[in-house]
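See below for the structure under consideration.
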Amino acid sequence: MRHSWYTGLFRCVFLRKRRSYMETMEPQETQEQHENKGVAATLIETTIETKATHRNKAYDAADVRQFTERNSDIDYKILLALYEHRALTSAQLKRGWFPHLHENSIRNRLKTLAERRVLTVNVKAGIKTSPVKLYSLSAFGLRILTENVLEVMEYVPQYDEKKEHYTIDDLKVRSQHNHHYELQEWVMNIRAKRPELFHCEWKRFPFVEEEEDTVRVKPDWLFLEADEATKERTKQNVANNPLLYPYFYRKDAFPDISLQPILCVECDRGNMSRTELVDKWEGYKKLPESYKPKAISVFYTPKKAGDMRHRMIRDTLSHAFELEVIQNHIQLFQGDPQLTHDISMLYFERDKELLRGEEMIDEEQFTTLFKGYVESSNVGEASILDVDKTIERFKLPVQPDAIIMKQQESPILQIVFYGMYGWVNPIIKIQAIKRWLKEGHLSMFSEIQYILIYPNDSFYQDVRTMDDDIFYVSYEEIKGSGKWGKARHEQRKHRQVKWVEVLL
């Protein structure tokens with residue numbers, strides 16, 4: 001122990017003397033070396049400052065205006081798109097507004113405009129698997145648009161009673177980024193194919209009741225039919241689109257325009273109860289005639305819930321719009337985004353006549369196919385009844401597309417409707433007949449079957465009811481066989497669904 005204490009003291013003294021010796025031997029810094037060291041430090045500081053300056057470069061407002069003017073074909077179109085839709089991704093802009101440009105080119109341009117403070121970028125997680133960049137107008141970008149494209153006075157709350165343009169506050173998405181993204185995905189898919197259509201969010205075409213000055217219903221998006229003069233003016237200059245201007249200013253600036261809602265779009269994310277949905281549909285029914293849309297398209301975005309939510313939405317539509325559907329005053333579309341997109345596109349392409357041009361509505365061809373069925377099958381006596389006379393005779397509450405009566409051991413009535421996937425109207429009409437039958441009508445028939453004829457086998461992709469007395473027919477299939485009769489029928493057992501081929 002004593003030897004160890006002396007050894008430790010000796011090492012401490014030795015290390016102290018060695019450190020002192022090394023300090024005396026270290027070369028002293030010369031004046032030249034000191035100056036060189038200072039220059040190096042200055043260069044490092046200058047480099048860091050240069051990088052920071054480049055990152056936070058302040059662009060001159062006049063230069064940025066000229067910058068956008070030189071590329072006005074692209075830049076003004078971007079500003080206008082974000083003004084109309086509030087916030088978009090580069091992919092949505094490419095699909096709906098720049099179909100002929102590469103997405104990388106659009107993405108680079110958006111980045112450049114954002115660097116010059118013309119646009120703002122909002123990176124949102126949770127919308128897709130990776131974060132999504134949503135671009136929107138900055139205050140400076142809005143000013144460029146209002147002065148150079150719309151050519152209206154900038155709104156100043158202290159001095160102006162009416163707004164001549166929508167403000168930055170009007171264009172904010174706020175906390176509904178997921179809903180907004182899904183909605184714009186749907187809208188851009190329509191706009192990509194029909195860019196000439198007039199459309200907007202509800203705030204730009206509010207269903208204002210003049211007496212109460214209130215808005216009863218707020219669709220997520222609207223497509224509208226404009227008069228020919230408005231179409232022509234907008235075609236000549238996009239700034240003539242009346243939907244770019246606030247409601248009260250538009251009434252004065254465009255007094256002679258006519259805009260009629262032809263399709264209202266609702267994006268359901270599963271957060272509304274059945275009662276809330278019914279209340280919303282009832283709000284549509286109470287609108288003045290000039291505001292009532294000719295069609296409503298409701299799409300449900302989550303994919304994990306299966307058909308349960310879809311059926312619930314369809315049930316609320318049936319509850320609210322049964323009478324309007326029976327009278328053919330409204331068309332109702334419902335399903336996932338793809339389903340509702342496809343049926344809505346048909347609605348637009350066929351000028352709101354959904355069945356226009358469909359082979360399955362040809363009565364002569366249907367009669368020929370039915371005769372082939374009777375002649376080649378042992379079905380007993382069967383005939384196609386006159387629809388109008390049958391409605392009058394049996395007092396049917398709904399007009400079917402065809403009625404067939406079979407006489408075997410006892411009479412069977414087959415009520416036929418044309419169907420399209422995503423189209424809810426035929427299902428609502430079938431449910432209306434079923435409720436009517438519960439009152440004791442048509443008791444002379446031993447069985448009543450309901451038949452939906454689709455153009456092809458698209459009924460497999462449709463949202464089907466849980467009813468076990470509905471049969472699905474592919475017109476493409478029966479036309480190929482040359483005769484009526486083959487159908488598909490769902491059998492449900494222990495939550496399992498099996499398709500069975502039957503002969504009607």
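Take Gly283 and decide whether it is in a loop (DSSP other than H, G, I, E, B) and in the same structural domain as Val187 (by the TED database). For Gly283, the condition - in a loop (DSSP other than H, G, I, E, B) and in the same structural domain as Val187 (by the TED database) - is not met. As a summary of the residue check, Asp462 satisfies the conditions (1) farther than 19 Å from Thr340 by Cβ; (2) among the acidic types (Asp, Glu); (3) under 35 Å from the mean Cα position of the chain (by Cα) except for the one numbered (1). Just give me the residues in segment 357-409 being among the hydroxyl-bearing types (Ser, Thr, Tyr) and either in the same structural domain as Glu324 (by the TED database) or within 22 Å of Ile326 (Cα to Cα) (or both), in sequence order. Within segment 357-409, Thr390 is the sole residue that qualifies. Residues in segment 114-159 that are modelled with pLDDT of 90 or more, within 28 Å of the chain's Cα centre (by Cα), over 18 Å from Leu93 (Cα atoms) and polar (S, T, N, Q): Thr146 only. Considering every residue within segment 116-126, establish whether at least one is in contact with a helix residue (DSSP H, G or I) (Cβ under 6 Å, 6 or more places away or on another chain), part of a loop (DSSP other than H, G, I, E, B) and either crowded, with 18+ Cβ neighbours inside 10 Å or in the same structural domain as Glu266 (by the TED database) (or both). Yes: segment 116-126 contains one or more residues that are in contact with a helix residue (DSSP H, G or I) (Cβ under 6 Å, 6 or more places away or on another chain), part of a loop (DSSP other than H, G, I, E, B) and either crowded, with 18+ Cβ neighbours inside 10 Å or in the same structural domain as Glu266 (by the TED database) (or both).
Annotation note: Cβ proximity below 6 Å between a residue of segment 480-504 that is assigned by the TED database to the domain that holds Arg464 and free of Cβ contacts under 8 Å to residues at least 60 places away in the same chain and a residue that is assigned to a loop (DSSP other than H, G, I, E, B) and of a type outside the set (S, T, N, Q) (sequence gap 6+ or interchain) occurs for Ala487/Leu504. Listed residues Leu150, Leu110, Leu101, Leu197; which is more than 22 Å from Val298 (Cα to Cα), in contact (Cβ under 8 Å) with a residue 40 or more places away in the chain and of a type in the set (A, V, I, L, M)? Only one candidate qualifies: Leu150. Among the criteria (1) closer than 27 Å to Asp227 by Cα; (2) touching a Leu at 6+ places or on another chain (Cβ under 7 Å); (3) outside any helix (DSSP H, G or I); (4) hydrophobic (A, V, I, L, M, F, W, C), the one Ala239 does not fulfil is (3). The set of residues in segment 134-180 that are buried (at least 17 other Cβ atoms within 10 Å of the Cβ) and of a type in the set (Lys, Arg) comprises Arg143, Lys163. The set of residues in segment 264-319 that are among the polar types (S, T, N, Q) and surrounded by fewer than 16 Cβ atoms within 10 Å (Cβ to Cβ) comprises Asn271, Ser273, Thr275, Ser290. Residues that are of a type in the set (D, E, K, R) and not in a loop (DSSP other than H, G, I, E, B) within segment 128-174 comprise Lys133, Arg143, Glu147, Asp169, Asp170, listed in sequence order.
Scanning segment 314-344 for residues that are in a helix (DSSP H, G or I) and charged (D, E, K, R) yields Arg314, Asp315, Glu322, Glu324, Asp342. Residues that are in a strand (DSSP E or B) and closer than 30 Å to Tyr245 by Cβ within segment 286-313 comprise Ala295, Ile296, Ser297, Val298, Phe299, listed in sequence order.
With respect to the conditions (1) exposed (fewer than 14 other Cβ atoms within 10 Å of the Cβ); (2) in contact (Cβ under 8 Å) with a residue 12 or more places away in the chain, Ile433 lacks only one, and its number is (1). Among residues of segment 73-113 being surrounded by 19 or more Cβ atoms within 10 Å (Cβ to Cβ) and among the aromatic types (Phe, Trp, Tyr), the one that is farthest from the chain's Cα centre (by Cα) is Tyr83.
Counting only residues that are on the phi < 0 side of the Ramachandran plot and either part of a loop (DSSP other than H, G, I, E, B) or modelled with pLDDT under 95 (or both), segment 434-456 holds 16 of them. In summary, Gly357 fulfils each of the numbered conditions (1) surrounded by 14 or more Cβ atoms within 10 Å (Cβ to Cβ); (2) without any contact (Cβ under 8 Å) to a residue 24 or more places away in the chain; (3) not in a strand (DSSP E or B) with the single exception of condition (1). Scanning segment 267-285 for residues that are under 21 Å from Lys203 (Cβ atoms) and in contact with a strand residue (DSSP E or B) (Cβ under 9 Å, 6 or more places away or on another chain) gives Cys267, Asp268, Arg269, Lys280, Trp281, Tyr284. Every condition in (1) buried (at least 19 other Cβ atoms within 10 Å of the Cβ); (2) within 22 Å of Arg311 (Cβ to Cβ) holds for Asp468 except the one numbered (1).
The values are calculated or read from the model by the stated rules, or taken from the named source; none is laboratory data. If you're wondering where the values come from, they're calculated on a predicted model, not measured in any experiment. Here the Cβ is made from the backbone with ideal geometry for all residues, glycine too, and neighbour counts use every protein chain on show.
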